[in-house]
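As structure tokens, the structure follows; a few thoughts come after it.
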Amino acid sequence: MGELQVPEDALYAAQTQRAVNNFPVSGERLPKAFIRALLLAKSAAARANVKLELIPAKMGDAICEAAQQLLSADDMMTHFPVDVFQTGSGTSTNMNANEVLASLASRILDDKVSPNDHINYGQSSNDIIPSSIHISAALELDKQLLPALRHLLKTIQDKAAQTDGYIKTGRTHLMDAMPVRLSQSLLGWGAQIEQSIAALEATQPALHTLAQGGTAVGTGINAHPDFAAEFNRQLSEMTGLSFKPAANFFSHIGSQDIAVSLSGQLKTVAVAIMKIANDLRWMNSGPLAGLGEIELEALQPGSSIMPGKVNPVIPEAAAMAAAQVIGNDTAITIGGQSGNFELNVMLPLIARNLLQSIELLSNVSQLLADKAIATFKVNEAKLQEALSRNPILVTALNPIIGYLKAAEIAKQAYKEGRPVIDVAEEQTDLSRQELEKLLDPAKLTHGGL
């Protein structure tokens with residue numbers, strides 16, 4: 001394709017430079033987690049090729065050392081300048097990695113190492129990029145998101161135990177409803193997170209299956225018959241996770257169904273985070289004109305013009321991150337539909353969005369746990385004030401006086417702004433003592449007749 005100028009100090013070569021020139025789209029690169037996974041895959045491939053006696057051992061060692069140098073370097077990403085929005089197979093990023101590793105390995109070996117013939121031996125962009133999507137997502141899920149969600153779950157459970165004695169007005173349709181213990185509300189959040197953890201764990205076995213070995217179209221052309229198995233053995237040893245070849249390479253190269261499924265689970269986590277964040281915002285609202293049931297930790301001034309205002313900044317940040325994850329899932333869904341015959345052609349987009357979603361959820365889960373849930377204070381006086389005036393408590397009298405009579409009492413209590421127990425004492429034959437027992441908010445949180 002003719003001569004091309006490449007920066008003198010660049011480790012990459014012509015193919016990368018062409019991609020930089022061709023795709024000035026967003027200025028955004030693929031995430032560092034993806035590049036790290038790609039370098040791990042290149043190292044595992046080199047080790048497999050040495051084991052299978054396809055490249056010299058010294059060359060394989062040089063490639064692995066080059067990969068390790070990059071993985072340890074603070075400026076690693078300066079060597080990977082290709083835009084996310086590039087060729088749909090990610091070939092530009094694959095060749096970027098091949099060229100950078102070839103430059104470094106050639107210096108280490110003091111001999112020529114080819115980006116295509118040696119670094120890319122037994123591989124294609126069409127199998128190593130899908131594999132790197134799975135590898136990066138699997139590592140980030142195992143090392144970042146699942147630990148963050150488990151931390152969030154434990155924080156919720158600990159806070160629930162601390163607040164079990166507080167009774168608050170339950171709300172449905174944002175309207176007053178029967179009382180609940182504050183711990184019951186929190187443990188509802190905990191159950192959502194627990195379900196999300198279980199669903200993510202259920203995706204891990206599929207995520208650990210890799211396209212590597214299918215090469216260009218899934219047939220494995222130019223790859224040793226044992227390459228896929230050896231590659232996965234080497235990668236598993238390097239990462240501590242158990243990877244294995246896909247049962248069918250065609251599905252892993254032509255589709256991204258597993259990534260789409262994982263993204264769907266991430267969206268479910270985002271929906272749970274959004275629910276928790278908004279409940280915190282509502283309970284914290286006020287302090288005078290809102291619910292004011294809890295007081296979130298004051299982290300920063302809330303207004304540039306209103307002195308003393310403090311806002312629920314962590315739940316707001318979490319809600320925005322959740323919204324972005326939901327948007328990312330839509331893009332990943334469309335990306336997953338772009339499997340045309342033997343190749344999906346929206347791989348970089350899927351990689352970027354999937355990893356961003358994992359990162360966002362990991363970070364906001366930690367923040368919600370440590371700077372919102374663990375540290376909020378309960379305003380018991382506000383809880384009691386709302387409880388004592390809640391006519392919906394009359395629901396507990398339904399089995400004794402009937403729904404219609406109970407409705408009359410509730411309406412009168414609303415109209416006159418009186419405690420429901422006073423109205424019920426006037427309108428029924430029940431004694432004050434009986435009513436106090438029947439309308440005890442703490443008792444009502446346990447259910448039953």
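The values are calculated or read from the model by the stated rules, or taken from the named source; none is laboratory data. For clarity, every value in this text was computed on a predicted model and none was experimentally measured. Every residue, glycine among them, receives a Cβ derived from its backbone with ideal geometry; neighbour counts consider all protein chains shown. Accessible surface is based on the protein model in full, side chains and every heavy atom, while ligands, DNA and RNA are left aside. Shrake-Rupley method; radii C 1.70, N 1.55, O 1.52, S 1.80 Å.
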- Task: Exactly one condition in (1) in a loop (DSSP other than H, G, I, E, B); (2) open to solvent by 70 Å² or more (accessible area, probe 1.4 Å); (3) at pLDDT 95 or above is not met by Pro287; state its number.
- Result: (3)
- Inside the range 211-237, can you point out the residues that are of a type outside the set (D, E, K, R) and surrounded by fewer than 17 Cβ atoms within 10 Å (Cβ to Cβ)? Thr219, Ile221, Asn222, Pro225, Ala229, Ser236
- Ile332 surrounded by 14 or more Cβ atoms within 10 Å (Cβ to Cβ), in contact with a strand residue (DSSP E or B) (Cβ under 6 Å, 6 or more places away or on another chain) and at pLDDT 95 or above: no
- Item | Which listed residue is farther than 30 Å from Leu149 by Cβ and either hydroxyl-bearing (Ser, Thr, Tyr) or open to solvent by less than 30 Å² (accessible area, probe 1.4 Å) (or both), from Ala407, Ala442, Ala372 | Ala407
- Query: What is the one condition in (1) in contact with a strand residue (DSSP E or B) (Cβ under 9 Å, 6 or more places away or on another chain); (2) of a type in the set (D, E, K, R); (3) free of Cβ contacts under 8 Å to residues at least 40 places away in the same chain that Arg29 does not satisfy?
  - Reply: (3)
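Yes or no, residue by residue, for (1) touching a Gly at 6+ places or on another chain (Cβ under 9 Å); (2) closer than 30 Å to Glu237 by Cα; (3) not aromatic (Phe, Trp, Tyr):
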| position | (1), (2), (3) |
| --- | --- |
| Ala13 | no, no, yes |
| Ile35 | no, yes, yes |
| Ala46 | yes, yes, yes |
| Ala62 | no, yes, yes |
- Here the residues within the range 224-256 that are under 13 Å from His134 (Cβ atoms), in a loop (DSSP other than H, G, I, E, B) and in contact (Cβ under 8 Å) with a residue 40 or more places away in the chain are Leu241, Phe243, Ser255, Gln256
- Within the set of pairs 6+ apart or on separate chains, which have a first residue in the range 103-116 that is closer than 15 Å to Ser43 by Cβ, a second that is outside any helix (DSSP H, G or I), and C-beta atoms under 6 Å apart? Ala105/Val113
- Query: Got a sec? Which of Ala259, Ala270 is touching a Gly at 6+ places or on another chain (Cβ under 8 Å), assigned to a helix (DSSP H, G or I), open to solvent by less than 30 Å² (accessible area, probe 1.4 Å) and closer than 19 Å to Lys143 by Cα?
  - Reply: Ala259
- Got a number for residues in the range 175-200 being touching a residue at least 40 places away in the same chain (Cβ under 8 Å) and over 21 Å from the mean Cα position of the chain (by Cα)? 9
- Message: Being farther than 30 Å from Ala386 by Cα and not in a helix (DSSP H, G or I): is that true of Ile221 here?
- Response: yes
